[in-house]
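Working notes, structure below.
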Amino acid sequence: MTSTELGAQFGADFDGSTPSQTVGPFLSIGLPWPDGPDVVPAGTPGAVLIVGTIFDGAGDPVPDAMVETWQADPDGRFDHPDDPRGRVAGWRGFGRCPTDEHGDYVIRTVLPGALPDQAPHLDVSVFARGLLHRVVTRIYFPDHADAHADDPVLASVPQSRRVTLIAARHDGGYRFDVRLQGPGETVFFDA
Amino acid sequence: MATPTTQPGIEQSKVAPSELPRYRPDPEGTHPPLGFAGYRSTRLRHPGEPLILLPQRLTEVTGPVLGPGRLGPLDHDLTRQHAEEPIGQRIIVHGTLRDGDGRPVPDSLVEIWQANAGGRYRHKVDNWPTPLDPNFTGVGRALTDAQGHYRFVTIKPGAYPWGNHDNAWRPAHIHFSVFGRAFTQRLVTQMYFPDDPLFAHDPIFNSVPDAAARQRMVSRFDLDNTVEQWALGFRFDIVLRGRDATPFEEAHA
């Protein structure tokens, strides 16, 4: 069915996408969930915390941001109809955490497995007051340094900036800070 | 816990790009630039380096499937979440969630948040001196149905002043958050009301370069869904990025 036929069927005019707008300063009344930061429940074998701070271009923490993560399971699989390898029923894969007054967030998860042709990674969206559109980055892990050498996405990033995409070991888990602007600016992607 | 259901004959290590859907980029001017001088808060928060193109592979063409388990029975009705009704003009806000080819996005989570009738959010740092409404939280959630349709009952939010520039006021709006089918489609936007005189003065609304695209953020008054003696209807259709058909779909068309 062509888009014209689909449009006719639903009686609508699909002349383009709805634009993005900022989440504004008050996103934390609407978007947090009690279990939002838990990609996996506490106590899950292999669960680790990824903590971090969002910084602005002046080096100040951003207290009105939100981080969302999306990732494969430890076998590199998803629960999604468009994965041609089939679905892993019940794998949520999604985490969401607003930043607190110190600009800090935390996500509880297990490390993803490798994807076909790609090193293990999380896709990350950052929303905030002052961001008219989300920014997208990735978290890679120091545990997979060998795989990073062959990862096509890391290869597309200037060598000097790749470090911004690799989490640091921290307190039994990981630390991944996001710098929106300025020295050490995190690599952001056009997704 | 999780049960793999692997299709036979497909190896983990081999997923050709042709096996995956491909989401088309939106035309230039559809979305705001990250740095926009009129909106001061962008100044220290927009990246200075150019964005790097992320190829669409498995992580990008999949996304969270957030279903009914996340909703309470009154999450879609912001006028019935407290002991009494909130102050304000009762409205119905409804529409469809579709992709750019008209495909409905069914069973998908739609989240909204908004100010009360006086223009104040129930948030600890909102100190705009208009009263909070004890009967209004301003947060709603709904799932799209099989046709991609969603529906909320709420009250019309008020305009409110902000410190961006002299005598700055935000047009009345409701924040919307939708997921679509894939990570690439994730969208947070704001729904506005028709004919708001504040549009001309609002840098957030005007940050969208394309004039036609700006109008896609404005809901339409909907007499057919206005309920007699009860509530005004507004229609807000949300369109996400379109995608090219996968070989699988074509083979079964």
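Scanning segment B:233-249 turns up no residue that is in contact with a helix residue (DSSP H, G or I) (Cβ under 6 Å, 6 or more places away or on another chain), more than 30 Å from B:ARG57 (Cβ to Cβ) and among the aromatic types (Phe, Trp, Tyr). Has segment B:19-29 got any residue that is facing another protein chain (nearest Cβ under 7 Å), of a type in the set (Asp, Glu), in a loop (DSSP other than H, G, I, E, B) and closer than 20 Å to B:GLN190 by Cβ? Within segment B:19-29, one or more residues are facing another protein chain (nearest Cβ under 7 Å), of a type in the set (Asp, Glu), in a loop (DSSP other than H, G, I, E, B) and closer than 20 Å to B:GLN190 by Cβ. Looking at segment A:54-73 only, could you name the residues that are assigned to a strand (DSSP E or B) and surrounded by 20 or more Cβ atoms within 10 Å (Cβ to Cβ)? Residues satisfying the conditions are A:ILE54, A:PHE55, A:ALA65, A:MET66, A:VAL67, A:GLU68, A:THR69, A:TRP70, A:GLN71. Residues in segment B:40-51 that are more than 7 Å from chain A (Cβ to nearest Cβ) and part of a loop (DSSP other than H, G, I, E, B): B:ARG43, B:PRO50. For segment B:66-105, filtering for residues that are among the hydrophobic types (A, V, I, L, M, F, W, C), under 23 Å from A:ASP79 (Cβ atoms) and without any contact (Cβ under 8 Å) to a residue 12 or more places away in the chain leaves 0. Of all residues in segment B:126-141, those satisfying the criterion of being more than 7 Å from every other protein chain (Cβ to nearest Cβ), free of Cβ contacts under 8 Å to residues at least 40 places away in the same chain and either in contact with a strand residue (DSSP E or B) (Cβ under 9 Å, 6 or more places away or on another chain) or within 16 Å of A:ASP64 (Cβ to Cβ) (or both) are B:ASN127, B:TRP128, B:THR130. Put simply, of A:THR44, A:THR53, A:THR22, A:THR69 the only residue that is touching a helix residue (DSSP H, G or I) at 6+ places or on another chain (Cβ under 8 Å) and either more than 10 Å from chain B (Cβ to nearest Cβ) or β-branched (Val, Ile, Thr) (or both) is A:THR22.
Residues in segment B:82-101 include at least one that is within 11 Å of another protein chain (Cβ to nearest Cβ) and in a loop (DSSP other than H, G, I, E, B).
Here is a check on your reading of the model: is A:ARG96 farther than 20 Å from A:TRP70 by Cα and either surrounded by 15 or more Cβ atoms within 10 Å (Cβ to Cβ) or at pLDDT 95 or above (or both)? In short, no.
Considering only residues in segment A:132-191 that are in contact with a Ser or Thr (Cβ under 6 Å, 6 or more places away or on another chain) and part of a loop (DSSP other than H, G, I, E, B), the one that is surrounded by the fewest Cβ atoms within 10 Å (Cβ to Cβ) turns out to be A:ASP177. Scanning segment B:164-196 for residues that are of a type outside the set (A, V, I, L, M, F, W, C) and more than 13 Å from chain A (Cβ to nearest Cβ) turns up B:HIS165, B:ASP166, B:ASN167, B:PRO194, B:ASP195, B:ASP196. Restricting segment B:52-81 to residues that are in a loop (DSSP other than H, G, I, E, B) and farther than 30 Å from B:VAL93 by Cα leaves a set whose member that is nearest to the other protein chains (Cβ to nearest Cβ) is B:LEU54. Scanning segment A:100-119 for residues that are in a loop (DSSP other than H, G, I, E, B) and either at negative phi or not acidic (Asp, Glu) (or both) yields A:ASP100, A:GLU101, A:HIS102, A:GLY103, A:VAL110, A:LEU111, A:PRO112, A:GLY113, A:ALA114, A:PRO116, A:ALA119.
The values are calculated or read from the model by the stated rules, or taken from the named source; none is laboratory data. Note that the coordinates shown come from a computational prediction; the quantities given were computed from them, not determined experimentally. No Cβ is skipped: glycine too gets one built from the backbone with ideal geometry, and neighbour counts run over all protein chains shown.
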